[in-house]
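The structure appears right after this line, and notes come after that.
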Amino acid sequence: MLSKTKIAAIVLVSSLAALPVQAQMPDWTGVWTLVGGTLYDRTTADPPDARAGDPGARQHPPYKPEWEEKYKRNIAAVAADRFPDPITMCGVPVGFPRVMQVVDGYEFVNTPKQTWILTENGPNVVRVYTDGREHLSDDLIWPTYTGDSVGHWEGDTLVFTTIGLRGENGTIIDRTGAIISDQARGLTRLRKREDGMMEAQITIEDPVALTRPWTVTKTYRKLPGDVRIMDYACAENNRNPVDPVTGKTYTLGPDGKPIDMDAQNK
Amino acid sequence: MNRVIPISLVVTLAASAILPMQPALSHHSFAMFDRTKEVTLAGTVKSFEWTNPHSWLQLVVRDARGATKEYSIEMGSPNTMSRSGWRKTSFKAGDRVTVKINPMRDGSAGGAFVSAVNAEGKTLPLQ
């Protein structure tokens, strides 16, 4: 029989042993915001000052020829306001990797066994398991918007992989119309830099759509002060519904009727 | 449908304007707005919807002949707007304001908010 003193000592030692794990995790508290807009790969933005959604705006992923043609068709659809962007439907997650480049606030929450990337906009959650588990097994995984993420710590850098994406059927990288296949795999290195910025270096490997790994770095700055995350839901008062047939985005007046000229002339 | 553009509109080309507060048009296409143009509207606030995913300013503009037209002006969401100093009281019904917008391409009475000044010429939001 163990004495009560010995049991107390074992409990204390066990507790102390668990402490360093938590103490090693970097402090990423606060509310952060994306730097540089929502065009995914700004290093190849064309034109260089393009915003995602501008007619004709694009980037240059290392696409195979067939996927370059798919992208060109999407670029033309964006310019014609006929691009079926899933997030315009209100309630559809933006998915990975787009979840790493939305507007509004971000929180990066470290816990001993998981890190959570929470976006105010959407809202969206990327849950990264860091407890040593593997990805969902082949007999469990299916195509989802945000995918399945597992990772580990390399010093103060969280390294995680993301698989199980929807691909062409829902993985939209940004409003230029960039897409990847359901065979895409993300490798993300997330850290707080010495200059105080958060940085996510995301490499997409996609043997179907890309000729080589595509690496993009997104940065986030900390919002000053005691910033409060607020509720955000696109369905709350959405005055920009999308025609599910044509993909056209309408603008509603306060009475709920379209103010668009072509809608009125129908 | 009245397609006559009110005389009070001043259209300016702003190829690379630095915008004080662009609405976070993340959740839908903004192809309907012409970001290369800015239109200045002088009018009276009818209402201000402080909501997700976008706040909306309803502005009544009177042209030189006395005819009025109501504009729907799209702004950001309360989270981001509040961090720039906006409050749901920043526009009140009856306020006389002058608002710059990126107009809708099809000429309909709406646009994306660019900036606003109050009757005293002070830039909104008042800090």
**Complete:** Listed by first then second residue, the pairs whose first member lies in segment A:237-262 and is within 14 Å of residue B:110 (Cα to Cα) and more than 7 Å from chain B (Cβ to nearest Cβ), whose partner is open to solvent by 40 Å² or more (accessible area, probe 1.4 Å) and part of a loop (DSSP other than H, G, I, E, B), with beta carbons under 6 Å and at least 6 positions apart or on separate chains, are A:250/A:241
**Request:** For segment A:74-153, please list each of the strands (runs of 3 or more DSSP E) lying entirely inside it that holds at least 2 residues being within 14 Å of another protein chain (Cβ to nearest Cβ).
**Result:** A:105-110, A:114-119
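I'd like to check which strands (runs of 3 or more DSSP E) are fully inside segment B:41-124 and have at least 3 residues that are aliphatic (A, V, I, L, M), more than 25 Å from residue A:91 (Cβ to Cβ) and more than 7 Å from chain A (Cβ to nearest Cβ). I'd like the intermediate steps shown before the answer.
Details: elements: B:56-62, B:68-74, B:96-103, B:110-118.
Because the criterion is at least 3 residues that are aliphatic (A, V, I, L, M), more than 25 Å from residue A:91 (Cβ to Cβ) and more than 7 Å from chain A (Cβ to nearest Cβ), the strands (runs of 3 or more DSSP E) in segment B:41-124 that meet it are B:56-62, B:96-103, B:110-118.
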**Request:** Considering every residue within segment A:111-132, establish whether at least one is touching a helix residue (DSSP H, G or I) at 6+ places or on another chain (Cβ under 8 Å) and small (Gly, Ala, Ser).
**Result:** yes
**Request:** Tell me which residues, restricted to segment B:52-64, are free of Cβ contacts under 8 Å to residues at least 40 places away in the same chain and either farther than 21 Å from residue A:255 by Cα or surrounded by fewer than 17 Cβ atoms within 10 Å (Cβ to Cβ) (or both).
**Result:** B:60
**Request:** Please go through segment A:201-228 and pick out each residue that is away from chain B (no Cβ under 14 Å), more than 13 Å from the chain's Cα centre (by Cα) and more than 23 Å from residue A:156 (Cβ to Cβ).
**Result:** A:205, A:206, A:207, A:208, A:209, A:210, A:211, A:212, A:213, A:214
**Complete:** The residue that is nearest to residue B:32 (Cα to Cα), considering only those in segment B:68-99 that are open to solvent by 50 Å² or more (accessible area, probe 1.4 Å) and without any contact (Cβ under 8 Å) to a residue 40 or more places away in the chain, is B:70
**Prompt:** Hey, among A:48, A:26, A:55, which residue is in a loop (DSSP other than H, G, I, E, B), modelled with pLDDT of 90 or more and farther than 30 Å from residue A:229 by Cα?
**Reply:** A:48
**Prompt:** Which ones in segment A:123-166 are over 28 Å from residue A:233 (Cα atoms), surrounded by 14 or more Cβ atoms within 10 Å (Cβ to Cβ) and acidic (Asp, Glu)?
**Reply:** A:156
**Asked** Out of A:191, A:185, which single residue is more than 29 Å from residue A:83 (Cβ to Cβ), assigned by TED's automatic domain parsing to the domain that holds residue A:99, touching a strand residue (DSSP E or B) at 6+ places or on another chain (Cβ under 8 Å) and modelled with pLDDT of 90 or more?
**Response** A:191
**Request:** Report the residue count in segment A:34-45 for those that are open to solvent by 50 Å² or more (accessible area, probe 1.4 Å) and either within 12 Å of another protein chain (Cβ to nearest Cβ) or in a helix (DSSP H, G or I) (or both).
**Result:** 2
**Prompt:** Restricting attention to segment A:98-120, and to residues there that are touching a strand residue (DSSP E or B) at 6+ places or on another chain (Cβ under 9 Å), open to solvent by 10 Å² or more (accessible area, probe 1.4 Å) and polar (S, T, N, Q), which single residue is nearest to residue A:228 (Cα to Cα)?
**Reply:** A:110
**Prompt:** Only one of (1) surrounded by 17 or more Cβ atoms within 10 Å (Cβ to Cβ); (2) in a helix (DSSP H, G or I); (3) not aromatic (Phe, Trp, Tyr) is not met by residue A:66, so which one is it?
**Reply:** (1)
**Request:** Return yes when residue A:61 is within 8 Å of chain B (Cβ to nearest Cβ), touching a residue at least 12 places away in the same chain (Cβ under 8 Å) and either in a loop (DSSP other than H, G, I, E, B) or acidic (Asp, Glu) (or both) and no when it is not.
**Result:** no
**Fill in**
Checked against (1) facing another protein chain (nearest Cβ under 10 Å); (2) modelled with pLDDT of 90 or more; (3) open to solvent by 10 Å² or more (accessible area, probe 1.4 Å), residue B:22 satisfies every condition except (2)
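The values are calculated or read from the model by the stated rules, or taken from the named source; none is laboratory data. Predicted model only: the values in this text are computed from it and were never measured. Glycine gets a Cβ as well: all are built from the backbone with ideal geometry, and neighbour counts include every protein chain shown. Heads up: the accessible areas ignore ligands, DNA and RNA and are worked out on the full protein's heavy atoms, side chains in. Shrake-Rupley method; radii C 1.70, N 1.55, O 1.52, S 1.80 Å.
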